[in-house]
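Q: Quick one: this structure, given as structure tokens, is what I'll be asking you about.
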Amino acid sequence: MAAHLLAHEVADLCLGKPPLRSLCVSATIGEALISLKSCEENCISVWDCDHFKNVDCICVGKICMVDIICFLCRKENVNSPSLALKTPVTALLPKDSVLVRHVQPSTSLLEAIDLILQGAQNLVVPIETRFSGSSRRKLLQKSSSTRGCTLHDGREFCWLTQDDIIRYFMSSIGLFSPLPTASIDALGIVSTEFLSIGYHSSASLATEAISRSLVDQTSVAIVDEDGVLIGEISPFTLACCGETVAAAITTLTAGELLAYIDCGGPPEDIVRVVKERLKERNLEGMLEEFEIDPSDISSNSSLSDEEFPSPTSSRSSGVRYNKSSSYSARMVRRAEAIVCYPGSSLVAVMVQAIAHRVNYVWVIEEDCSVVGIVTFANMLQVFRDQLESMMLGHFD
């Protein structure tokens, strides 16, 4: 059974994946912003292609809307966002990053899992496509005339992520029995270290935590004085708001930001508060650059309105979290958090995360207090250990 699973290569998991949209490493942050708004991807790959040195192109990182938002929230940038957008995109890339790694299509599944567990978020895989000479020339011409081209050294590439591998394991979940039915608590995969901010705290204090959550592929919990989960500031939700949310993070409390980014667009009274506080703090540059309108969340999103149906869901006791709603948390602009309990089974939590298109699920007690978070990385470690155990049993 383990041999069957491990016989697959990363190329098998990349079938049908779209080619990466890319940005040159010499581009500015403003150009990255335009590229992100013009495509339907959450992030865009950054490439270093020095053809004069006759070296292979290499993907040096990736940029998403939240990288830009956090950059604009820095003290040195809040008063002059237009100037900040002229900064080279390399300012957003970690200096010693392993978040993006190149692999070959023949790389084994186990090797891919190990790279992800070592910190890689995205594995860059060449797309194995055969072109005739005329087809390749047409593709090259099309690519060269299109913003965010997809070809590098005449090849196209795609991402392989945690989500892809978890979905792969989910399709063969029966082979791991009885592991899937074990509770996440019994498996020891509930991490008690998580990012959080108080409901009444200034949202600007969460800027570093938001950046960290982007690296960890998690989120920032918003909690009250008793540690009860009220909502979350997730990178995906912020990305849907566009760069104008930088003004909201700079001026609002975490609780106010929760109302600002929740589905349906920011309330007009919150918009007025943002504008007034920008004026009070003499942040005229940000006010002029990001003239906020309640419709901005929809107009700034790089995703179409059709991908964001307006859900109808009830709230109980004013607590902003969701346990069983059928809509996808990543298909709507909500600040609700997806939660489970310590006794929830591994497969149940996997289903929750996959259904809501997130890489994590918050773990709460019956009183809604947060006890931890379980991530795809935690799950991958469990599956990796199980595969190794199955392989040893096969050879014994």
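The values are calculated or read from the model by the stated rules, or taken from the named source; none is laboratory data. Source: prediction; values computed, not measured. Glycine also receives a Cβ, built like all others from the backbone with ideal geometry; neighbour counts cover every protein chain displayed. Remember, those area values only see protein heavy atoms, side chains included, never the ligands or the DNA or RNA. Shrake-Rupley method; radii C 1.70, N 1.55, O 1.52, S 1.80 Å.
Q: Could you tell me whether segment 90-106 includes any residue that is open to solvent by less than 10 Å² (accessible area, probe 1.4 Å) and closer than 30 Å to Leu252 by Cβ?
A: Within segment 90-106 (the criterion being open to solvent by less than 10 Å² (accessible area, probe 1.4 Å) and closer than 30 Å to Leu252 by Cβ), the answer is no, since none of the residues qualifies.
Q: Considering only segment 1-28, state which residues are within 22 Å of Arg101 (Cα to Cα), in a helix (DSSP H, G or I) and either modelled with pLDDT of 90 or more or open to solvent by 40 Å² or more (accessible area, probe 1.4 Å) (or both).
A: So the first thing to find is which residues in segment 1-28 are within 22 Å of Arg101 (Cα to Cα), and the list is 6-27.
This time we only want the ones that are in a helix (DSSP H, G or I), so: 6, 10-13.
Passing the criteria: Val10, Ala11, Asp12, Leu13.
Q: So which pairs qualify, if the first residue must be in segment 108-123 and without any contact (Cβ under 8 Å) to a residue 40 or more places away in the chain, the second must be open to solvent by 30 Å² or more (accessible area, probe 1.4 Å), the Cβ gap must be under 6 Å, and the two must be at least 6 apart or on different chains?
A: Leu115/Arg101; Gly119/Val98; Ala120/Val98; Ala120/Arg101
One line per residue, one yes/no per condition, for (1) modelled with pLDDT of 95 or more; (2) open to solvent by 60 Å² or more (accessible area, probe 1.4 Å); (3) more than 24 Å from the chain's Cα centre (by Cα):
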| residue | (1), (2), (3) |
| --- | --- |
| Ile189 | yes, no, no |
| Phe194 | yes, yes, no |
| Val223 | yes, no, no |
| Ala239 | no, no, no |
| Thr250 | yes, no, no |
| Thr253 | yes, no, no |
| Arg272 | no, yes, yes |
| Glu288 | no, yes, yes |
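Q: Counting only residues that are out of contact with any Ser or Thr (no Cβ under 6 Å at 6 or more places or on another chain) and open to solvent by less than 40 Å² (accessible area, probe 1.4 Å), which one in segment 40-49 is farthest from Pro126 (Cα to Cα)?
A: Per the criteria, the residue is Cys43.
Q: With the requirement that a residue be touching a helix residue (DSSP H, G or I) at 6+ places or on another chain (Cβ under 6 Å) and either aromatic (Phe, Trp, Tyr) or part of a helix (DSSP H, G or I) (or both), what does segment 257-274 give you?
A: Those that are touching a helix residue (DSSP H, G or I) at 6+ places or on another chain (Cβ under 6 Å) and either aromatic (Phe, Trp, Tyr) or part of a helix (DSSP H, G or I) (or both): Leu257, Ala259, Tyr260, Ile261, Ile270, Val274.
Q: Out of Ile197, Ile210, report the one residue that is assigned to a helix (DSSP H, G or I) and either more than 23 Å from Leu117 (Cα to Cα) or among the β-branched types (Val, Ile, Thr) (or both).
A: Only one candidate qualifies: Ile210.
Q: Let me ask another. Restricting to segment 156-193, what's the tally of residues that are among the polar types (S, T, N, Q), closer than 20 Å to Asn42 by Cβ and assigned to a strand (DSSP E or B)?
A: Residues flagged as among the polar types (S, T, N, Q), closer than 20 Å to Asn42 by Cβ and assigned to a strand (DSSP E or B) within segment 156-193 amount to 1.
Q: Against the definition (free of Cβ contacts under 8 Å to residues at least 24 places away in the same chain and either open to solvent by less than 10 Å² (accessible area, probe 1.4 Å) or of a type outside the set (Lys, Arg) (or both)), how does Asp262 come out, yes or no? Before the answer, list the steps.
A: On the way: free of Cβ contacts under 8 Å to residues at least 24 places away in the same chain: no; either open to solvent by less than 10 Å² (accessible area, probe 1.4 Å) or of a type outside the set (Lys, Arg) (or both): yes.
No: the conditions fail for Asp262.
Q: A further question follows. Can we say Ser299 is in a loop (DSSP other than H, G, I, E, B), within 24 Å of the chain's Cα centre (by Cα) and at pLDDT below 90?
A: no
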